[in-house]
Amino acid sequence: CQACHSATPTHPGFNKPPKNVILDTPAQIRTQAQPIHQQTVMTRVMPLGNVTQITDDERDLIARWVAQGAPLK
C-alpha cells in the first residue's frame, strides 16, 4: 500500500498519494481501516491491478483485523 499511499510515493507514476490517502503510520492506517477493507476485501480493486499480488489469505487477514476493531497491536 505504501508504495502509492505515502506522503512520498515510490511507485512509478505517482508523485502524490491517490485520493490523498497516506498510510505511513499505524495511526494513519487505522483511520483508513474501513476504506481499506472496502477496497481490498469487498471490491478487491486494491491494490490496483493486484500489482503487489496480494493473496486471498492476506485479504482475509485484513478482514479479520477490521472485524476486531483494527487494533494497532
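Residues in the chain average 72 Å² of solvent-accessible surface per residue, probe 1.4 Å, ligands and nucleic acids excluded. Helical content of the chain, expressed as a calculated mean residue ellipticity at 222 nm, amounts to -8500 deg cm²/dmol (DSSP H runs of 4 or more residues, -39,500 (n - 2.57) each, divided by residue number, nearest 500). Taken along the Cα-to-beta-carbon direction at a fixed 7 Å, the label points for GLN34 and ALA7 span 2.6 nm. Counting 0.36 nm for each residue step from LYS19 to ALA67 and taking away their Cα separation leaves a gain of 14.9 nm.
Rolling a 1.4 Å probe over the protein heavy atoms of the chain, with every protein chain left in place, gives an accessible area that is 58 percent carbon and sulfur. Using only the C-alpha atoms, the convex hull of the chain corresponds to 88 Å³ per residue.
Taking amide H atoms as placed 1.01 Å from N in the peptide plane, the amide H of LEU23 lies under 5 Å from those of SER6, ALA7, each 5 or more residues away in sequence or on another chain.
Assuming charge only on the beta carbon of Lys and Arg (+1) and of Asp and Glu (-1), the dipole of the chain about its Cα centre is about 220 debye to the nearest 20.
The values are calculated or read from the model by the stated rules, or taken from the named source; none is laboratory data. Please read all numbers here as calculations on a predicted model, not as lab measurements. FYI the Cβ positions are ideal-geometry reconstructions off the backbone, even for glycines, and counts take in every protein chain you see. SASA here: full protein model, heavy atoms, side chains in, ligands and nucleic acids out. Shrake-Rupley method; radii C 1.70, N 1.55, O 1.52, S 1.80 Å.
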